[in-house]
Structure formats: structure tokens, C-alpha cells
Amino acid sequence: MHINLILENEQRSASPVTFAMFIRIVAGTLIVLVLLGLFSVYFSYRELQNSVRYCDTEWAETEPKFLAAQQLRQDLIARSAKLKEIQGWRTTRVEWGRQMEGVQAVTPSLIQLTELKVSQDILMLSNSVPARVFELRLSGRTAAARSESNVSEFQTALFKQPPFDTYIESVNIPAGAFRQDPLNKADRVFEIVCKYNPRSFE
Amino acid sequence: MKLPENKKERLQVFVLIGIGVAAVLYAMTQLVVMPFFASKQELRSSLQTKKAKLEKAERELNFAPKIKTEFDSVTGELDTIIRAHVLRPILGSYLVGVSETLEMQARSCNIKLDEVQEIGVREPPRTGKKATVARAFKAYAVQVSVKASYEQTAAFLRKLEDMNPYLCVSDVRITGQPDSPETHRVTLRIEWPIEVEGGKEQGAAAGRGDK
């Protein structure tokens, strides 16, 4: 038989850890954890602020040097473009002094030149780059005998021999330009047109 | 303060406390937590931007000595070319200097110049991306008339071209004269580069005789 000598509300637990104490410990731990969390968040925020401030200070020191370096780069680009432009003058020209000496050297002895004309055009190449294009037009006369081979030999020399070979794109005798000399029927007159390779400015 | 004895009233108090706590939590979230985290996020992205800027600056500064060396070299080369070969006006006129040069070279080839005529300033065309970019150099052209032999003319041109590698002979016409087979009528068109500053040539020849 079992008899309760104390009422139910008078009963006390024999455990050293009561429920209320457990709740207090849990609540206390939670509060400590929350406080630690809050401190951690706050300190990471402060650290972030300090890093930003440090970057600002560093930037204040670096910015003038950076701007000067950027300006230098821009100046270099501008100067290089200017240098390239003036170098274009050198590369686009044809040295006519040497070309004329070359013409004299390759002209067969039986041919007499009567006129030499050089003209220049500035054309746009397919890549929209301007280029100088030169044309050399030679007029001359030769004796009727062997006139065809003389002129043909001259034409070949102009196309293949230095200093023309690297400059000239085509050498043509225009239709009707090789004909009887109206002043002396025993001679033939002719014209040779040499088109030079376009010489690009850039 | 004691909680009411009545169970219903006690529940109402708990509900009210719950609503109050929820309201306070909501208000704290809206007014403190969210702005705090937004501000932190903003700080973080600002830090990243600043760090990236600093890194870029550092890279640029690391390149700076190389760029400076290249800049000095390009400037030196450009200045040498301009000083030696680009035409400069004398008291506002390009023609004076050109005539002197031509006469000096003609004399050395035993040629007498008949006429040196100013054609003016010309600009090679530009298209594409560079169409709106002004050229740094334009051409100052003159037409020269002489009577000379073929050899003399070739030597004259060679001397001019050797003296200035940037000078360009753009037109030549040599016509034989029936009455004097050794001497020909020669017309030359010669162009010198001139420097343009701010879109304008230096000196009075600017804008004159543009063709």
C-alpha cells in the first residue's frame, strides 16, 4: 500500500538542477551568445569602416601619381600618333632624283625621251587609309627599225629592274600611243605609263 | 506585477505581450538591423571598388617608368625630326625659307631657278575613325620652274630629297626644247611638311592659297 503524506503542490524535486534554473541558464547563455554576436557584428563593421578609411587615405596619396601616369600615357599615345604621321611622309614619297637616274640608266641608246611627267594622286585605300599614288608618264621616239623591240625592252626594264621593281605596279603602253612620228615618218613615237604602288600614310 | 489568476485573462496578457514583442522586434529590424546590414553591405562594396581602384592605380604606376622611357624616346625622335626637317615660317612666311633652300641646292647643281611660286597649304584627307581628328602636319607646296639638263634636274632632286627625307616631290614635268636639246623646261611641285598647332599652321601662310 502506498500513502502520500505530502500534497502534490508541496512536492519538491530531489534533482540539484531545477527546471527554473535550467531556463535561467539557457536564457543567460542565449543572452551571452546574442551579446557576443552583437559585439562581433559591431567589431566587423568597425573593421570595415577602418579599411574604407585606410583605402581613402591611400587613394588620396596615390591619386595624383595615378592621374599623372594616366596623363603620361595619353601624351605618349598623342606623341606616337604624331610621330607615325610624320613618318608617313617619309614612307609615302618616291625619291624622284633616284628614279630619274634609273630611267636614264635603263633607257636603250636607240630611244630618245622627249617628255617625262610625274603626277601624284591621293587616294583612299579599301581600309579608308589615304595613300599617295604616283604615275610616271614617259614620251619618246625611236627609229622605226627595231622600234618595237626597243620600246618593249625599255618597258620590261622599267618593270623589272631596280630601282623600279619594288615601286612599280604596272607599266603600260596606252592604246594608240605607239605610232608613226608625224614629224618624221622614219621614226616611231611612244608613251609609257608606269603606275606606282599606292604608298599608304599609315 | 502579478499575472491575472483567470486563465483567459492571463492568455490575453500573453498574447498582448507577444504582439508587443513582435512589434518591437519588427521595429528594430526595420529601423536598426536592416539599415545596419544595408550600410555594411554598402561599405563592403565601396571597399571593393576602392581596392579595385587602388589595384588599377598600382598597375598603372608599375608601368609608369616604362611609359616614361618610351615617352622620352618618342618625344626625342619627334623633336629631332621637327627641328631638322619640318618647315618653319620665317617672319610668318614659309616661302622665304623654301626659296633659300631651293636656291642653295640649285646653285650647287649649276641650275638657275626661273620661278618659285607658292601653291599653299594642303592637307591629306582622313576618313574612318580618324576623320574628325585634325592632322598634326600639313603640306606646304611650291611650284618651281627651271631650265636644266636631265642630269642636273635629277641631281637637284636627289640633293633636295637627301637633305630632307620628309620632303615630297609630287609633280615633275620635263619637256624637251627642240631648239636646245641639252636644256629642258622643268616644272616641279615640291611639298614640305609643316606643323599644325591647334588646327592652324604657324605663320601667315596659313589659309592662304589652300587648294
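If you fit an axis through the alpha-carbon atoms of helix B:34-85 and take the longest principal axis of the Cα set of chain B, what angle between them do you get, 0 to 90°, nearest 10?
10
What length, rounded to one decimal in nm, is gained on full extension from B:K8 through to B:K159, with 0.36 nm per residue of separation minus their alpha-carbon distance?
Values: separation 151, 0.36 × 151 = 54.36 nm, distance 11.90 nm.
Computed gain between B:K8 and B:K159 is 42.5 nm.
Considering only protein heavy atoms, what is the solvent-accessible area of A:L36 at a probe of 1.4 Å, reported in Å² to the nearest 10?
Its heavy atoms expose roughly 100 Å² to the probe.
Might you work out the accessible area of B:S45 for me, using a 1.4 Å probe with all protein chains in place, and round it to the nearest 10 Å²?
50
Within the stretch A:1-101, report the trypsin sites (Lys or Arg not before Pro) that DSSP leaves as loop and that have at most 16 other Cβ atoms within 10 Å.
Listed in order of number, the matching sites are A:R12.
Before I look further, what does chain B give for accessible area per residue, probe 1.4 Å, in whole square angstrom? Let's see the in-between values first.
Details: 12600 Å² over 211 residues.
It amounts to 60 Å² per residue over chain B.
What does the helix-only formula give at 222 nm for the protein assembly as shown: each DSSP H stretch with n ≥ 4 adding -39500 (n - 2.57), the total divided by the residues, and the result rounded to the nearest 500 deg cm²/dmol?
Details: 7 runs with 202 residues, N = 413.
Using -39500 (n - 2.57) per qualifying helix, the result is -17500 deg cm²/dmol.
For peptide A:125-131, how many partner chain Cβ atoms fall within 10 Å of a residue's Cβ, on average? Please report the intermediate quantities before stating the final value.
Details: counts 1, 0, 2, 7, 4, 5, 1.
Across the residues of A:125-131, the mean count of other-chain Cβ atoms within 10 Å is 3.
For A:M100, B:M28, give the ranking by accessible area with the largest first, probe 1.4 Å. All intermediate terms of the calculation are to be shown ahead of the outcome.
Values: A:M100 5, B:M28 95 Å².
Reading off the accessible areas and sorting them downward yields B:M28, A:M100.
Rounded to the nearest 10 Å², what accessible area does A:V32 show when all protein chains are kept and the probe is 1.4 Å?
In the full protein context, A:V32 sits at about 80 Å².
How much length would be gained if the chain were fully extended between B:E151 and B:E195, taking 0.36 nm per residue of separation minus their Cα-Cα distance, in nm to one decimal? Spell out each step's value before the answer.
Numbers: separation 44, 0.36 × 44 = 15.84 nm, distance 3.30 nm.
Taking 0.36 nm per residue and subtracting the Cα distance, the gain is 12.5 nm.
Largest first and to the nearest Å, give the Cα extent of the stretch B:1-85 along each principal axis.
110, 19, 16
Give me the inter-chain shielding for A:77-83: mean count of other chain Cβ atoms within 10 Å, whole number please. The partial results should precede the final answer.
Numbers: counts 3, 2, 10, 6, 4, 9, 8.
Per-residue shielding by partner chains comes out at 6.
Using Cα positions and a limit of under 29 Å, work out the lysines in reach of A:K160, with same-chain residues fewer than 8 apart set aside.
List returned: A:K117, A:K195, B:K159.
Post the alpha-carbon centroid distance, the stretch A:67-93 to the stretch A:131-179, in whole angstrom.
40
Averaged over every viewing direction, what's the projected area of the C-alpha convex hull for the protein assembly as shown? Give it in nm², one decimal, please. If you can, show how the numbers build up before the last one.
Working: hull surface 180.9 nm².
Here the figure is 45.2 nm², rounded to one decimal.
How much area per residue is accessible in chain A when the probe is 1.4 Å and only protein heavy atoms are counted (Å²)?
Numbers: 12600 Å² over 202 residues.
I get 62 Å² per residue for chain A.
The values are calculated or read from the model by the stated rules, or taken from the named source; none is laboratory data. Because the structure is a prediction, the values reported are computed rather than measured. Reconstructed Cβ throughout: ideal geometry from the backbone, glycine too, with neighbour counts over all protein chains shown. Please note that ligands, DNA and RNA were not included when accessible areas were found on the heavy atoms of the full protein model with its side chains. Shrake-Rupley method; radii C 1.70, N 1.55, O 1.52, S 1.80 Å.
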